[in-house]
1. For the range 98-120, indicate whether the set of residues that are more than 24 Å from I7 (Cα to Cα), in contact with a strand residue (DSSP E or B) (Cβ under 6 Å, 6 or more places away or on another chain) and not in a strand (DSSP E or B) is non-empty.
2. Quick test for you: out of S85, S97, pick the one residue that is hydroxyl-bearing (S, T, Y) and touching a Leu at 6+ places or on another chain (Cβ under 8 Å).
3. Would you mind finding the one in D120, D207, D144, D182 that is surrounded by fewer than 18 Cβ atoms within 10 Å (Cβ to Cβ) and either among the hydroxyl-bearing types (S, T, Y) or over 19 Å from the mean Cα position of the chain (by Cα) (or both)?
4. Show me the strands (runs of 3 or more DSSP E) entirely contained within the range 151-218 in which 2 or more residues are in contact with an Asp or Glu (Cβ under 8 Å, 6 or more places away or on another chain) and in contact (Cβ under 8 Å) with a residue 60 or more places away in the chain.
5. Taking the options S9, S97, name whichever one is in the same structural domain as G112 (by TED's automatic domain parsing), under 20 Å from D115 (Cα atoms), within 19 Å of the chain's Cα centre (by Cα) and touching a residue at least 60 places away in the same chain (Cβ under 8 Å).
6. Please verify whether S85 is surrounded by fewer than 16 Cβ atoms within 10 Å (Cβ to Cβ) and either at pLDDT below 85 or of a type outside the set (F, W, Y) (or both), treating the condition exactly as stated.
Amino acid sequence: MKSILIIGSGKFGRHLCRNLALLGNQIMLVDQVEENMEEMIPYVVSAKIGDCTNPVVLQSLGVDNYDLCFVCIGSNFQSSLEITSQLKEMGARYVVSQASRDIQSKFLLRNGADDVIYPDRDIAEKMAIRYSANHVYDYIEVSDEFSIYEIAPMKKWIGKSLRDSDIRSRYRVSVLAIKKGDKTSLMPMADYVIKEDEHLMIIGRKDDIDQVLEHIND
């Protein structure tokens, strides 16, 4: 569990807040517009109305007490840049800022952001991978080299244990979890028997996962 400050409750900020809260994190949400925050009250520990480009408002939040600070302002880059810079000057431990273009990312990183996220670009990449390949239900990029895919099991895996399927040595990917409906079982044992109505969360290099997808109906 982490303590997290989210500045900006637009569409992306609200989605981020909701998901972080559901994972057990403690959220402080700040926005200039009260109406933007009303639906988020059940998910946050505290909420405040204020303009975070104002150093007095930002200082009052005690930004150095949070594990993470997110700047989720997509409509006003100047404000995002000012807030990002001030957060670091005030001792924020780790600042993640939202950008829509590479040039914005460069300025944010130069002015204090520890990381930059591109919500629209990331969603577009995720959807492209999901819908251009059969049997892919979700995708998470872990690094430039490794990704996690949620896939349907190969036909020849169904009814076999993970050990007997020999997935890791044969395909050079690892099964991180088994997903069925809304339930996910992490780190399944080697004797777990794969069922037809389940999805597998696998991690590996893209080339290796592509090989799995090519033979998924074999």
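The values are calculated or read from the model by the stated rules, or taken from the named source; none is laboratory data. Just so you know, these numbers come straight off a predicted model, no measurement behind them. Here the Cβ positions follow ideal geometry from the backbone for every residue, glycine too, while neighbour counts run over all protein chains shown.
1. As a first pass, look at the range 98-120 and keep what is more than 24 Å from I7 (Cα to Cα): none.
Among the residues of the range 98-120, not one is more than 24 Å from I7 (Cα to Cα), in contact with a strand residue (DSSP E or B) (Cβ under 6 Å, 6 or more places away or on another chain) and not in a strand (DSSP E or B), which makes the answer no.
2. On the way: S85 fails: touching a Leu at 6+ places or on another chain (Cβ under 8 Å).
So the residue among S85, S97 that is hydroxyl-bearing (S, T, Y) and touching a Leu at 6+ places or on another chain (Cβ under 8 Å) is S97.
3. On the way: D120 fails: either among the hydroxyl-bearing types (S, T, Y) or over 19 Å from the mean Cα position of the chain (by Cα) (or both); D144 fails: either among the hydroxyl-bearing types (S, T, Y) or over 19 Å from the mean Cα position of the chain (by Cα) (or both); D182 fails: either among the hydroxyl-bearing types (S, T, Y) or over 19 Å from the mean Cα position of the chain (by Cα) (or both).
After ruling out the rest, the residue left standing is D207.
4. Numbers: elements: 174-180, 183-186, 199-205.
Passing ranges, in order: 199-205.
5. Working: S97 fails: touching a residue at least 60 places away in the same chain (Cβ under 8 Å).
Being in the same structural domain as G112 (by TED's automatic domain parsing), under 20 Å from D115 (Cα atoms), within 19 Å of the chain's Cα centre (by Cα) and touching a residue at least 60 places away in the same chain (Cβ under 8 Å) holds for just one of S9, S97, which is S9.
6. On the way: surrounded by fewer than 16 Cβ atoms within 10 Å (Cβ to Cβ): no; either at pLDDT below 85 or of a type outside the set (F, W, Y) (or both): yes.
No: the conditions fail for S85.
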